[in-house]
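Student: Below is the structure I would like to discuss, written out as structure tokens.
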Amino acid sequence: MGKTTTVKSLAPILIVLGLASIYGFWYQNTRGKIRAPKTMDSGLNEAILGEPLGSRGTLVQFSSAFCTPCRATRILIENVVEDLPDIKHIEIDAEAHLELVRTLNIRSTPTTLILDSSGTEVGRAIGAPKREQILSAIDSLR
């Protein structure tokens, strides 16, 4: 067995490892970061959410029952907004609100929408955001 045969037999493995690495880097870089929405008007209001919006802003978290990052995100957001009476946290069960999930283009849980006082989406975190990112998003709601 020569070097050429060994390289040819390793080529599929190297290609798969390369593609998996690229996907892994992309996945890590897109999860948890708060990004500006592609469309600004989410149309969310008290009637749709079932709760009033916060006077300065609202964090709307879409979760699912068996999502471990969803529980961690809920606890983190609740702790952050605990001392902020003008910021509201609303958690929505994505499975029970499929039409709303489709309308808002929610692709995975947890997804957290950052809304201003009028219900306009000003940011979106796909995955579990970090505390500093949530605080920064809230500060931008002034």
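Student: Treat each spin label as a single point 7 Å out from the Cα along the C-beta direction, and report the Glu51 to Thr68 distance in nm.
Tutor: Roughly 2.6 nm, to one decimal.
Student: Separate question: Kirkwood hydrodynamic radius for segment 33-139: how many Å is it when counted over pairs of different Cα atoms?
Tutor: 13.5 Å
Student: Sticking with this structure for a sec: Take the Cβ-Cβ distance between Leu135 and Leu17 as r, set R0 to 35 Å, and report the resulting FRET efficiency rounded to the nearest 0.05.
Tutor: 0.40
Student: Show me 69-82, 103-116 ranked by packing, highest mean number of other Cβ atoms within 10 Å first.
Tutor: Ranked by mean Cβ neighbours within 10 Å, highest first: 103-116, 69-82.
Student: I've got another one for you. Would you please give the residues with an amide H less than 5 Å from that of Leu53, counting only those at least 5 places away or on a separate chain, with H modeled from the backbone geometry?
Tutor: Here Glu46 satisfy the definition.
FYI, it's all coordinate maths here, none of it is from the lab. A quick note: this is a predicted structure, and the numbers were derived from the prediction, not measured. Ideal geometry is used to build each Cβ from the backbone, glycine not excepted, and the neighbour counts take in all protein chains shown.
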